[in-house]
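Single-structure report; data block below.
The values are calculated or read from the model by the stated rules, or taken from the named source; none is laboratory data. Note that the coordinates shown come from a computational prediction; the quantities given were computed from them, not determined experimentally. Positions of Cβ are backbone-derived with ideal geometry, glycine not excepted, and every protein chain shown enters the neighbour counts. What goes into the accessible areas is simple: the full protein's heavy atoms, side chains included, and nothing from ligands, DNA or RNA. Shrake-Rupley method; radii C 1.70, N 1.55, O 1.52, S 1.80 Å.
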Amino acid sequence: MTTASRLLMGAAARLLSARHGAWAQAMQAEAKAIEDEREALAFAWGCLCTALGHAFASARAGLGQVHHFGVLACSATVLLGCVYMHRAGAPSHYVWINLLSLAFALVTFRLLPLQRLQADELLRAKASFAMGAALLVLSSGPMFTGAVAWLRLGSLPLNLAWLLLPPLLVAADVRRLPAARGWALGGLLMACLALALMADVALMGLAAVVLSVLAWRDRSTALALLAWVTAVMALHVGQRWQTPEALDFVDRVLIGGMDRSLAIGLALALLQLLPLGPALRYRGAHIHGLVWGLLVALSLPGWLPSPLVGFGGSFICAYVLSLALMSEGSAERPAARRWHVSLRRRRHPPPLPHSSLT
């Protein structure tokens with residue numbers, strides 16, 4: 001069995017619960033017995049998909065609906081984007097890397113302590129701090145190439161700024177605990193410094209807008225000052241910044257679809273709006289929707305790659321990670337909340353009218 005097959009089978013075995021332990025052992029034994037490497041890899045991929053289906057089915061009752069809706073939206077966007085790339089003649093490894101990125105993201109999502117992350121504001125703020133520190137350290141380390149910092153997981157290349165900034169901004173959305181706000185602010189400060197070192201104007205502009213919204217909502221002077229400094233740095237760096245050269249099936253995917261036909265362009269436009277669904281349906285997912293709406297908007301002129309629809313695993317992993325770091329308030333729909341309130345109000349009968357008879 002190849003290394004890729006072993007990794008897929010190991011992930012499938014970890015995803016299965018204890019009562020499916022015998023099934024996991026049987027799958028691993030059958031995979032080892034297959035001599036053809038391509039057939040073994042296909043078998044391992046099928047086992048992983050089956051294990052993911054069982055894992056999400058067993059976890060469905062314990063998680064907020066927003067997670068399931070977001071995972072389905074992400075999966076549908078990536079899969080339909082792969083169909084488009086395959087039919088439009090994109091290189092075959094584009095499709096496989098996007099599929100591998102989706103599988104890696106879903107396995108990571110399943111293994112994270114989602115319920116604790118959803119409820120613990122301090123833990124999310126510390127995660128934001130850790131991502132900001134990692135972004136700052138790695139952007140000035142040996143992997144720094146002058147424009148971006150890359151991380152390789154086997155054959156999967158990940159851009160650290162695209163991978164870490166969206167979930168960092170979502171995790172920094174804290175309101176209740178003063179200690180949590182301090183950790184989140186530290187993570188945001190380090191992330192903005194890292195973006196300045198990278199001279200990434202598009203991401204600095206995105207961070208400035210999100211920080212401005214958070215500062216306005218929380219009436220935070222510190223966030224407002226950080227947003228102002230980030231915007232000034234973006235304007236300063238932007239004087240020398242040029243739009244990157246567009247690559248087929250990576251940048252300006254919507255424009256490329258429009259060039260092929262109007263129907264394909266409209267389908268891709270709807271597909272790019274699908275990941276924004278959690279923010280439209282669920283309370284508390286507005287910052288998540290703001291971040292990904294800005295990423296889609298910045299990708300239209302080619303300032304950033306087209307997220308989820310085009311080639312690139314960084315945004316696929318970032319979207320799923322940002323879903324896991326949303327607050328617990330995002331798990332409840334406003335309509336459901338109003339319905340429960342109305343039921344509580346109907347529990348007690350209305351008072352009888354006073355009679356005028358004595």
Inter-residue pairs, beta-carbon under 6 Å, first assigned to a helix (DSSP H, G or I) and aliphatic (A, V, I, L, M) and in segment 128-149, second open to solvent by 60 Å² or more (accessible area, probe 1.4 Å) and modelled with pLDDT of 80 or more, 6+ apart: Leu136/Leu193
Within segment 196-213, tally of residues that are surrounded by 24 or more Cβ atoms within 10 Å (Cβ to Cβ) and more than 19 Å from the chain's Cα centre (by Cα): 1
Residue check for Arg176: within 18 Å of Glu121 (Cα to Cα) and not in a helix (DSSP H, G or I): yes
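For every residue, the table says whether it meets (1) open to solvent by 10 Å² or more (accessible area, probe 1.4 Å); (2) at pLDDT below 90; (3) of a type in the set (Gly, Ala, Ser).
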| site | (1), (2), (3) |
| --- | --- |
| Gln239 | yes, yes, no |
| Thr243 | yes, yes, no |
| Asp259 | yes, yes, no |
| Leu271 | yes, no, no |
| Gly284 | yes, yes, yes |
| Trp292 | no, no, no |
| Ala297 | yes, no, yes |
| Ser306 | no, no, yes |
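Residues checked against (1) out of contact with any Lys or Arg (no Cβ under 6 Å at 6 or more places or on another chain); (2) open to solvent by less than 20 Å² (accessible area, probe 1.4 Å); (3) in contact (Cβ under 8 Å) with a residue 12 or more places away in the chain:
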position	(1), (2), (3)
Trp162	yes, no, yes
Ala171	no, yes, yes
Pro178	yes, no, no
Trp183	no, no, yes
Leu188	yes, yes, yes
Ala194	yes, yes, yes
Evaluation of Trp228 against (1) in contact with a helix residue (DSSP H, G or I) (Cβ under 7 Å, 6 or more places away or on another chain); (2) farther than 27 Å from Leu102 by Cα; (3) not polar (S, T, N, Q) (one fails), failing number: (1)
Any hit, segment 270-280, residues being polar (S, T, N, Q) and under 18 Å from the mean Cα position of the chain (by Cα): yes
Some residue of segment 73-89 being touching a residue at least 60 places away in the same chain (Cβ under 8 Å) and not in a helix (DSSP H, G or I): no
Top-ranked residue of segment 308-334 - restricted to ones that are open to solvent by 20 Å² or more (accessible area, probe 1.4 Å), over 18 Å from Arg252 (Cα atoms) and assigned to a loop (DSSP other than H, G, I, E, B), ranked as modelled with the highest pLDDT: Ser327
